[in-house]
Every structure is written in structure tokens, then in C-alpha cells.
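Asks: The structure follows.
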Amino acid sequence: MGTAIKVLGAFFATLFVFGIGWLTAATGTGREAPVDSLEERELAFVERMQNVALRGHFTLEGLSPDDMERLREPSRESEGEGEAASAIEDPQSPPEEVPAEYGDVTSEEVDGSIRMDGFDDLYEISSVTKLDGNRWRFNVRMKYMNVDVTLPVVVPIEWAGDTPMVSITDFEIPGLGNEFGARVVFYDGRYAGTWDHGEYGGLMYGTIEKLE
């Protein structure tokens with residue numbers, strides 16, 4: 001159960017995932033590929049991702065009622081036996097009720113588990129650089145919930161024609177475990193994909209905007 005709290009609280013702190021998850025790759029520099037060796041689609045991707053912001057949302061799926069209660073614990077501790085605690089203990093209160101501190105995040109029960117939707121996330125990318133093989137380095141500032149960090153992130157990129165896709169499987173994040181995965185595509189001013197960690201997962205989606 002506590003894993004859900006870790007996933008929600010640290011999701012995208014080291015996860016580039018586009019969200020999601022796909023920020024779980026190793027950080028660092030690596031050997032840059034010569035510019036004159038890049039294919040036309042790779043050059044287009046480098047140009048498209050210069051000084052941009054990925055602005056969107058992510059979902060968290062696979063939560064149980066017990067997970068939701070754990071998410072509410074900060075409210076219970078801060079407000080003691082007040083209104084928030086009463087709402088938790090009220091048997092009429094729906095198990096998927098979202099804690100107030102998550103703002104506009106919504107939830108619903110799907111196939112016996114709870115899905116939360118509407119978490120904001122923001123990634124400011126100064127540049128992307130191709131390294132050896134299919135590895136790419138994203139120089140990115142990640143902002144979501146109370147996390148704001150800047151770091152280089154190296155992830156594998158696969159191609160579907162002229163469309164790049166971040167593809168990670170069973171990646172390990174120190175302190176959070178392994179089994180992190182993601183598939184995120186970039187196309188026509190948008191990004192979208194999926195992320196997962198064990199029994200939890202979700203979607204990530206948004207727009208690619210030029211920074212001034």
C-alpha cells in the first residue's frame with residue numbers, strides 16, 4: 001500500500017515520463033553523436049525540442065480504498081479530529097474521495113480499483129542531444145506537485161517512421177525500486193503515453209510549447 005504513496009510523491013522526481021514515467025533512465029552525459037551523422041528525422045527532433053515546455057497531466061491508476069486513505073493521512077494529521085478526519089471515518093464518504101490538497105484532481109472507480117486524473121506536470125527542456133546507439137540526453141527542468149529539479153536525463157528513443165518514442169522497461173529508481181516502464185510519443189505539438197510501476201500505472205499527455 002505504501003508503494004502508492006511513494007509513486008505519487010516521487011513520480012517524476014527522477015522520472016522523466018513523460019509523468020513518467022520514462023524519467024527513470026540514467027542521468028549523465030555520454031558520448032554525443034556527430035551532428036553530420038544524424039538522420040533527417042533526428043535533426044527535426046533536435047530542432048523541435050529546443051527550448052520548449054511539455055505542459056500536461058498524468059493519471060494514477062490501480063489504487064485501492066486503503067491506498068486512498070493513506071493519501072488522506074496528511075490532512076488527518078494536520079487537522080486532527082476536525083472535518084477532514086470526520087469525512088475519512090464517515091462510512092458514507094465514498095472510498096474514491098480525493099483529498100482536498102490535490103485541488104482539481106478527480107477520481108473514479110474502474111474495474112474494482114480507483115483511478116485519479118488531472119495531476120499537473122511541467123517539463124522545461126532546453127535541448128535534446130543524441131548519444132551513442134538509441135540513447136538521447138534531455139536537459140530538462142521537471143516541475144510537478146512540490147518537486148522542482150533540473151538535470152540531464154538519458155533515455156532510449158525508438159522510432160515509428162518519423163515519430164520518436166521514449167521506451168523504457170523495468171527501470172530502477174534508487175529508493176523506489178524497479179519495474180518502472182513507460183512508452184511516450186512526441187507528435188504534432190503533443191506528447192502522450194503510458195507509465196507503470198508494478199500494480200500501479202497511468203497515462204501522461206499534454207502539449208509541446210515553445211518557451212519565450
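Asks: Yes or no: Ile114 in contact with a Pro (Cβ under 8 Å, 6 or more places away or on another chain), surrounded by 17 or more Cβ atoms within 10 Å (Cβ to Cβ) and at pLDDT 80 or above?
Replies: yes
Asks: Given the conditions (1) surrounded by 15 or more Cβ atoms within 10 Å (Cβ to Cβ); (2) over 30 Å from Gly189 (Cα atoms); (3) at pLDDT 75 or above, and given that Glu97 satisfies all but one, which numbered condition is not satisfied?
Replies: Of (1) surrounded by 15 or more Cβ atoms within 10 Å (Cβ to Cβ); (2) over 30 Å from Gly189 (Cα atoms); (3) at pLDDT 75 or above, only one is false for Glu97: (3).
Asks: Would the stretch 175-191 turn up any residue that is surrounded by 19 or more Cβ atoms within 10 Å (Cβ to Cβ), basic (Lys, Arg), in contact with a strand residue (DSSP E or B) (Cβ under 8 Å, 6 or more places away or on another chain) and at pLDDT 85 or above?
Replies: Checking the stretch 175-191: at least one residue is surrounded by 19 or more Cβ atoms within 10 Å (Cβ to Cβ), basic (Lys, Arg), in contact with a strand residue (DSSP E or B) (Cβ under 8 Å, 6 or more places away or on another chain) and at pLDDT 85 or above.
Asks: Something else about it: Could you run through the stretch 121-162 and say how many residues are modelled with pLDDT of 85 or more and among the charged types (D, E, K, R)?
Replies: 7
Asks: I'm trying to understand the selection: among the residues of the stretch 156-170, which are touching a Gly at 6+ places or on another chain (Cβ under 9 Å) and among the hydrophobic types (A, V, I, L, M, F, W, C)?
Replies: Listed by number, the residues that qualify are Met165, Val166, Ile168.
Asks: Would you point out which residue out of Ala25, Ala44, Ala33, Ala85 is modelled with pLDDT under 90, over 25 Å from Gly202 (Cβ atoms) and among the hydrophobic types (A, V, I, L, M, F, W, C)?
Replies: Exactly one residue qualifies, and that residue is Ala85.
The values are calculated or read from the model by the stated rules, or taken from the named source; none is laboratory data. This structure is a prediction, so every number in the text was calculated from the model and none was measured. In this analysis, Cβ positions are derived from the backbone assuming ideal geometry, glycine residues included, and neighbour counts consider all displayed protein chains.
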